[in-house]
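Here's the structure, in structure tokens; my notes come after.
The values are calculated or read from the model by the stated rules, or taken from the named source; none is laboratory data. Remember, predicted model here, so these are calculated numbers, not experimental data. Using ideal geometry, Cβ is built from the backbone for each residue, glycine included, and neighbour counts are taken over all protein chains shown. For the accessible areas, the whole protein counts, side chains as well, though only heavy atoms, and no ligand, DNA or RNA atoms are used. Shrake-Rupley method; radii C 1.70, N 1.55, O 1.52, S 1.80 Å.
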There are 2 protein chains.
Amino acid sequence: MQQRDAIKFCRECGHAVTYRVPDDGDTRERAVCPNCGTVHYVNPLNVVGTVPYFGDQVLLCKRAIAPREGFWTLPAGFMELGETLAEGARRETDEEAGAQLTLGPLFTVISVPQVGQVHSFFLAELTSLDFDPGAETVEARMFKLDDIPWDELAFLTVSRTLKLFIEERQRSQFGVHCFDIRFQPRKPA
Amino acid sequence: MQQRDAIKFCRECGHAVTYRVPDDGDTRERAVCPNCGTVHYVNPLNVVGTVPYFGDQVLLCKRAIAPREGFWTLPAGFMELGETLAEGARRETDEEAGAQLTLGPLFTVISVPQVGQVHSFFLAELTSLDFDPGAETVEARMFKLDDIPWDELAFLTVSRTLKLFIEERQRSQFGVHCFDIRFQPRKPA
């Protein structure tokens with residue numbers, strides 16, 4: 001789980017912060033410590049994942065956790081310090097599905113500015129259809145490309161990536177796709 | 001300027017944090033607040049920039065600030081919340097060089113795990129050769145591709161991106177290149 005709540009206290013000295021544009025030529029308001037001067041930056045996060053396929057099927061994971069619990073997703077999660085995009089994509093696929101695969105090229109790079117995220121998906125050919133889902137996954141299973149549960153997908157990043165995968169698989173030629181997603185907020189139930 | 005120093009105090013309540021693996025199934029050590037339970041995540045940052053070209057020339061900026069003050073770079077900087085990769089690349093090019101351009105496709109996506117960064121460069125065709133460098137830039141000027149000051153470039157991400165640009169420009173076909181850079185630490189002088 002990742003939190004993007006506003007910073008209230010300085011991480012260097014524990015003093016309450018104030019919000020202002022720093023004096024160093026910056027143009028944005030940041031949490032600045034009036035005691036020790038530390039400026040606290042908050043920046044977009046990288047989400048990394050894979051499109052794990054075998055023949056005309058892809059692996060999807062049913063989410064056991066919020067957000068979008070119970071919906072299907074491609075395996076993906078937050079990139080960690082010390083790893084590359086590809087290493088993060090592989091790790092998340094292992095953690096969420098326990099899947100064995102050969103990692104392929106970068107496939108989609110999707111900015112989601114409303115949530116401050118960039119999602120990067122790599123193609124990945126499965127080398128086994130035995131899975132070992134982790135705690136964040138209720139079920140990991142293969143779906144034929146004709147049987148993708150479009151109405152039960154967790155995220156627009158996932159549905160857009162799967163649509164591109166299906167289109168390009170028909171031509172047997174995969175590109176790298178960089179685009180943005182802006183969404184309408186969901187209405188309260 | 002961006003800091004990645006260790007977190008010492010909780011941003012929610014100001015209490016001193018401890019470092020441990022959280023109890024929520026996480027596998028990594030995080031700064032956890034023993035008072036309010038907040039877990040503090042630190043993740044890789046996105047650096048976004050452009051390869052601003054016109055004919056057989058590219059725009060480089062001489063850095064006025066650390067790191068690598070006095071060396072030449074492609075315009076690039078940290079992606080901000082609320083923007084897309086492309087918007088960030090355009091903003092940084094404007095801030096560092098004041099350059100007018102038509103933004104093109106994503107060109108390189110480079111993981112630099114030792115510093116916890118992902119660098120994304122977009123191609124960008126200049127629509128004017130008048131520049132207006134910002135405070136982070138001593139000088140912004142065009143270099144012929146035969147005259148790139150290779151020994152005075154600030155970063156490996158910049159030199160690798162420029163080399164790919166020169167190679168692919170000869171074939172007039174540009175791809176998207178995702179790769180990693182791991183470097184030997186510089187020896188102290």
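Is it true that B:Phe71 is within 10 Å of the chain's Cα centre (by Cα) and surrounded by fewer than 18 Cβ atoms within 10 Å (Cβ to Cβ)? Considered against the rule, which asks whether it is within 10 Å of the chain's Cα centre (by Cα) and surrounded by fewer than 18 Cβ atoms within 10 Å (Cβ to Cβ), B:Phe71 comes out as no. Would region B:3-24 turn up any residue that is within 24 Å of A:Val17 (Cβ to Cβ) and touching a helix residue (DSSP H, G or I) at 6+ places or on another chain (Cβ under 7 Å)? Within region B:3-24, none of the residues are within 24 Å of A:Val17 (Cβ to Cβ) and touching a helix residue (DSSP H, G or I) at 6+ places or on another chain (Cβ under 7 Å).
In region A:67-106, which residues are out of contact with any helix residue (DSSP H, G or I) (no Cβ under 7 Å at 6 or more places or on another chain) and of a type in the set (Phe, Trp, Tyr)? Once the filter is applied, which keeps residues that are out of contact with any helix residue (DSSP H, G or I) (no Cβ under 7 Å at 6 or more places or on another chain) and of a type in the set (Phe, Trp, Tyr), region A:67-106 yields only A:Phe78. Tell me which residues, restricted to region B:43-60, are touching a Leu at 6+ places or on another chain (Cβ under 6 Å) and among the hydrophobic types (A, V, I, L, M, F, W, C). Listed by number, the residues that qualify are B:Val48, B:Val51, B:Phe54. Residue under question is B:Ala97, and the condition is that it be more than 14 Å from every other protein chain (Cβ to nearest Cβ), touching a residue at least 40 places away in the same chain (Cβ under 8 Å) and surrounded by 14 or more Cβ atoms within 10 Å (Cβ to Cβ); does it hold? So B:Ala97 fits the description; yes. Among the residues making up region A:74-86, a single one is hydrophobic (A, V, I, L, M, F, W, C), without any contact (Cβ under 8 Å) to a residue 60 or more places away in the chain, crowded, with 21+ Cβ neighbours inside 10 Å and in a loop (DSSP other than H, G, I, E, B): A:Met79. Across region A:129-152, not a single residue is classified as under 13 Å from the mean Cα position of the chain (by Cα) and hydrophobic (A, V, I, L, M, F, W, C). The lone criterion from (1) within 21 Å of the chain's Cα centre (by Cα); (2) open to solvent by 60 Å² or more (accessible area, probe 1.4 Å); (3) touching a residue at least 24 places away in the same chain (Cβ under 8 Å) left unmet by B:Asp5 is number (3).
Going through B:Leu126, B:Leu153, B:Leu145 one at a time, which residue ends up being surrounded by 22 or more Cβ atoms within 10 Å (Cβ to Cβ) and among the hydrophobic types (A, V, I, L, M, F, W, C)? Break it down into steps so the answer makes sense when it comes.
Values: B:Leu153 fails: surrounded by 22 or more Cβ atoms within 10 Å (Cβ to Cβ); B:Leu145 fails: surrounded by 22 or more Cβ atoms within 10 Å (Cβ to Cβ).
Criteria check complete, one pass: B:Leu126.
Go through the residues of region A:89-101 one by one and say whether even a single one is among the basic types (Lys, Arg) and over 20 Å from the mean Cα position of the chain (by Cα). No - not one qualifying residue is present in region A:89-101. Of everything in region A:1-60 that is more than 7 Å from chain B (Cβ to nearest Cβ) and among the basic types (Lys, Arg), the residue that is nearest to A:Ile110 (Cα to Cα) is A:Arg4. Selection over region A:131-174 of residues that are touching a residue at least 24 places away in the same chain (Cβ under 8 Å) and under 28 Å from B:Ala86 (Cβ atoms) gives a count of 13.
Residues of region A:100-111 that are open to solvent by 10 Å² or more (accessible area, probe 1.4 Å) and either closer than 18 Å to B:Tyr41 by Cβ or more than 8 Å from every other protein chain (Cβ to nearest Cβ) (or both): A:Gln100, A:Leu101, A:Thr102, A:Leu103, A:Gly104.
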